[in-house]
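The values are calculated or read from the model by the stated rules, or taken from the named source; none is laboratory data. Model, not experiment: these values are computed from the prediction. Using ideal geometry, Cβ is built from the backbone for each residue, glycine included, and neighbour counts are taken over all protein chains shown.
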Amino acid sequence: METTTTYEQIGGDATIARLAARFYELMDGIPQFEGLRAMHPESLEGSREKLYMFLSGWTGGPDLFVEKYGHPRLRQRHAPFAIGEAERDQWVACMVLAMEDIGIDKEIRARLLQNFFKTADFMRNTPG
């Protein structure tokens, strides 16, 4: 039995790039995500590129982030930002919209959502 990665199931590099781009387009343009947007620099290009590289490896594709920056150390890299339930929920909601917008299959979206939520919840470093 041949197993495929989530990376392959959703369409590989092109889909990962579209997902990262759409995530930041939505975050930058929807008032609901203002708190999340405020944590980012004026230009989102570097953030988008890092998310793209991280998601590539996280979904089973080339480990681009690790190759360029080393271990993600997500909690350490996000420690300078106050991340509570509101920020977590904004990030997850933005990612859900991005996945829907680019047409990721509903079953794969549900599986990714579970993993995205766990990861986003792990980033919380403030109560509430």
Q: Go through the stretch 45-82 residue by residue and tally those that are surrounded by fewer than 18 Cβ atoms within 10 Å (Cβ to Cβ) and either small (Gly, Ala, Ser) or over 18 Å from residue 120 (Cβ atoms) (or both).
A: 16
Q: Determine whether residue 93 is crowded, with 18+ Cβ neighbours inside 10 Å, in a helix (DSSP H, G or I), in contact (Cβ under 8 Å) with a residue 60 or more places away in the chain and of a type outside the set (Lys, Arg).
A: no
Q.
For the condition closer than 18 Å to residue 7 by Cα and touching a Gly at 6+ places or on another chain (Cβ under 6 Å), what is the one hit in 116, 23, 65?
A. 65
Q: List every residue pair whose Cβ atoms sit under 8 Å apart, with the two residues 6 or more apart in sequence or on different chains, where the first one lies in the stretch 36-58 and is farther than 18 Å from residue 75 by Cβ and the second, anywhere, is of a type in the set (D, E, K, R) and not in a helix (DSSP H, G or I).
A: 56/63
Q: Test residue 72 against the criterion of being modelled with pLDDT of 95 or more and not in a helix (DSSP H, G or I), and give yes or no.
A: no
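Hey, could you check the stretch 96-123 for residues that are among the charged types (D, E, K, R) and either assigned to a helix (DSSP H, G or I) or within 15 Å of the chain's Cα centre (by Cα) (or both) and say which is nearest to residue 39 (Cα to Cα)?
Looking at residues that are among the charged types (D, E, K, R) and either assigned to a helix (DSSP H, G or I) or within 15 Å of the chain's Cα centre (by Cα) (or both), I get 121.
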Q) Which condition number in (1) closer than 19 Å to residue 6 by Cβ; (2) in contact with a Leu (Cβ under 9 Å, 6 or more places away or on another chain) is the one that residue 58 fails? A) (2)
Q) How many of the residues in the stretch 21-35 are hydrophobic (A, V, I, L, M, F, W, C), in contact (Cβ under 8 Å) with a residue 60 or more places away in the chain and crowded, with 16+ Cβ neighbours inside 10 Å? A) 4
Q: Working carefully through the options 80, 127, find the one that is closer than 17 Å to residue 47 by Cβ, part of a loop (DSSP other than H, G, I, E, B) and either touching a residue at least 40 places away in the same chain (Cβ under 8 Å) or more than 12 Å from the chain's Cα centre (by Cα) (or both).
A: 80
